[in-house]
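The next block holds one structure in the form of structure tokens; read it before the comments.
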Amino acid sequence: LGGKIKMATRKGASGKKKVAKFTIDCSVPVEDNVLDPASFEKFLNDRIKVNGKAGQLGDAVRVQRESAQISVAANLPFSKRYLKYLTKKYLKKQNLRDYLHVVASNKTTYQLRYFSIADNEEEEED
């Protein structure tokens, strides 16, 4: 019985940590020069909390930017919903919350999209 317990602890210690990879696609507002992806990346680096401390990511979380997409690779447990929360917080800080919203396009990706308002388009044509 004692031997089985030792093997179980060794197996858990030597196993790789699972990494969750999430993407935030900001291509639509970036093309219109509404959102700066570099400042958003810095915001995420400063605000993501690891063990209750903001800005001290260490090896647990990596935030990278490829043109208009921001990728976050984090050791589990890490919530996709937490990224949505921080994205909404950033939009509010930039006063963009009235124009953009965060939509899950698939299991690991969020997209920033404009609210579609059909009434305004008709009024502008007159």
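Observations, loosely collected:
- From phi via Karplus (6.51, -1.76, 1.60), per-residue ³J(HN,Hα) for the range 67-77 in Hz, x at Gly/Pro: 6, 9, 10, 10, 9, 10, 10, 9, 5, 5, x
- For the range 97-112, 3J(HN,Hα) per residue [Karplus equation, 6.51 cos²θ - 1.76 cosθ + 1.60, θ = phi - 60°, Hz, x = Gly/Pro]: 5, 6, 10, 10, 9, 9, 10, 7, 8, 7, 5, 10, 10, 10, 10, 9
- Over 27 Å apart at the Cα level, from the set 17/89; 18/92; 16/89; 53/92; 17/88; 17/92, are 17/89; 18/92; 16/89; 17/88; 17/92.
- Label-point separation, residue 103 to residue 66 (7 Å along Cα→Cβ), nm: 2.3 nm
- Neighbours of residue 23 by Cβ distance under 14 Å: Lys/Arg scored +1, Asp/Glu scored -1, total +3.
- Inter-label distance for residue 53 and residue 39, nm, one decimal - labels placed 7 Å from Cα along Cα-to-Cβ: 2.9 nm
- 16 Å cut-off, amide nitrogen to a point 7 angstrom out along residue 88 Cα→Cβ, residues in the range 48-80: 79-80
No lab work stands behind these numbers, since they all come straight from the coordinates. Bear in mind the structure is a predicted one, so any value in this text is a computation, not a measurement. Quick reminder, even Gly has a Cβ in these numbers, built from the backbone with ideal geometry, and neighbours come from all protein chains shown.
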